[in-house]
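The values are calculated or read from the model by the stated rules, or taken from the named source; none is laboratory data. From a predicted model like this one, the values you see are computed outputs, not experimental measurements. Note that we place each Cβ from the backbone using ideal geometry, even for glycine, and neighbour counts take in every protein chain shown.
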Amino acid sequence: MAAVRSPIKFVLVGALLIEALNLRFFAFPIDVGLPANIPWYTRLLASQWLLLHLPGVVSLGWLDRLGLERFDTFVLFLSGYVETVLLLIAGIVFFEWIRNLSKQDAERPDPSDVPRD
């Protein structure tokens with residue numbers, strides 16, 4: 001198996017896997033309301049799913065007006081995939097920035113080690 005050389009390739013493949021699992025096992029029905037007595041973590045997961053798929057959810061009404069209801073799942077998957085890719089890229093950039101900050105701090109000389117005349 002070829003090694004992944006670019007983090008972007010890793011993100012594109014990883015987001016595909018994450019979104020497939022998310023849509024298959026963790027998708028919440030958006031056409032029915034949640035019961036009032038559900039646990040807080042279930043409500044949090046439902047809110048996360050809705051937020052990540054917000055562009056797809058918003059476009060569902062547009063697809064319904066055009067009579068293209070059969071593409072609902074594809075639109076939700078595609079919008080979730082794009083959002084997941086963007087979140088993973090932002091996470092990689094953030095951790096690289098943190099790593100570079102720690103390297104710069106390690107390379108900076110300690111002011112107490114500087115000889116004084």
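Structure summary
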quantity	calculated
Leading residue by the ranking (modelled with the highest pLDDT) among those in segment 1-30 that are of a type in the set (Gly, Ala, Ser) and in a loop (DSSP other than H, G, I, E, B)	6
Verdict on residue 33 being at pLDDT below 85 and small (Gly, Ala, Ser)	yes
Residue in segment 61-86 that is farthest from residue 20 (Cα to Cα), counting only those that are surrounded by 11 or more Cβ atoms within 10 Å (Cβ to Cβ) and without any contact (Cβ under 8 Å) to a residue 12 or more places away in the chain	64
Candidate set from segment 95-111 (those that are farther than 22 Å from residue 7 by Cα and not in a loop (DSSP other than H, G, I, E, B)); member that is modelled with the lowest pLDDT	111
